[in-house]
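The values are calculated or read from the model by the stated rules, or taken from the named source; none is laboratory data. The model shown is predicted, which means the values in this text are computed figures rather than measured ones. FYI the Cβ positions are ideal-geometry reconstructions off the backbone, even for glycines, and counts take in every protein chain you see. Areas reflect the complete protein model, heavy atoms only, side chains present, ligands, DNA and RNA absent. Shrake-Rupley method; radii C 1.70, N 1.55, O 1.52, S 1.80 Å.
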Amino acid sequence: VLFVLTLSNMIISMVRSFIPKKVRIACFITISATLVVAVELLMQAYAYPLYLQLGIFVPLIVVNCVILGRAEAFAAKNPVHLSIADGLGIGLGFTMSLTFLGAVRELFGTGAVFGVPVMWEGFQPFTVMTEAPGAFLCLGIILGLMNWNTQHQARKRNLAVPENPLPGCGGCTACGAGRQGE
């Protein structure tokens, strides 16, 4: 993701003035897809065991909304040097987020972190954490903890805490939808 995001931002920023608005998204996807295929071929040639482990997930980078979203939101509107910096920053942040999520899943799913056992001897792992639904469960718990922390910090500072902090939920007028029933 880091490689594809950085290079796609750089290329899109360089060619943005030549791409007609009607085919902009298709061009962004084509650029991203080309870079993903290059990564996949390089992995097959130089990191075959990793390629086998990742399987279908490398090609799925093509449709990853982070890449397309950053291309649309940033690279298409900014110069090359800023687009490269944005690609590196977002890519590194995404990598760290996935690494953290994976470490938490591994901790509770196997009792280890990066293959090193860290839990006590009688620990019973939550095997669901090693399955695909475990990723959604873990992400939900992490996001819930982040929301709790945000509200807790706001209360400590005597700031107003919204009843439902999710945008577009009908709990505020930030998205233009108003309150439910209006």
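Scanning the range 101-117 for residues that are exposed (fewer than 12 other Cβ atoms within 10 Å of the Cβ) and within 21 Å of the chain's Cα centre (by Cα) yields a single hit, Phe114. From the list Ile141, Ile90, the lone residue that is more than 26 Å from Glu72 (Cβ to Cβ) and either at pLDDT below 95 or of a type in the set (Val, Ile, Thr) (or both) is Ile141.
Residue count for the range 3-25 under the criterion of being in a helix (DSSP H, G or I), in contact with a helix residue (DSSP H, G or I) (Cβ under 6 Å, 6 or more places away or on another chain) and open to solvent by less than 60 Å² (accessible area, probe 1.4 Å): the result is 10. Only one entry of Ala76, Ala71, Ala135, Ala45 meets the criterion of being open to solvent by 50 Å² or more (accessible area, probe 1.4 Å), out of contact with any Asp or Glu (no Cβ under 8 Å at 6 or more places or on another chain) and either assigned to a helix (DSSP H, G or I) or among the hydroxyl-bearing types (Ser, Thr, Tyr) (or both), and that entry is Ala45. In summary, Tyr48 fulfils each of the numbered conditions (1) over 30 Å from Val118 (Cα atoms); (2) modelled with pLDDT of 90 or more; (3) of a type outside the set (D, E, K, R) with the single exception of condition (1).
Among residues of the range 42-55 that are farther than 24 Å from Ala132 by Cα, those with a Cβ under 6 angstrom from a residue that is surrounded by 11 or more Cβ atoms within 10 Å (Cβ to Cβ), sequence gap 6+ or separate chain, pair up as Gln44/Tyr51. Any idea how many residues of the range 89-100 are of a type in the set (A, V, I, L, M, F, W, C) and surrounded by fewer than 15 Cβ atoms within 10 Å (Cβ to Cβ)? The qualifying residues number 4. The set of residues from the range 83-102 being free of Cβ contacts under 8 Å to residues at least 12 places away in the same chain and over 22 Å from Gly134 (Cα atoms) comprises Ala85, Gly89. Here Phe28 qualifies as among the aromatic types (Phe, Trp, Tyr), within 19 Å of the chain's Cα centre (by Cα) and surrounded by 19 or more Cβ atoms within 10 Å (Cβ to Cβ).
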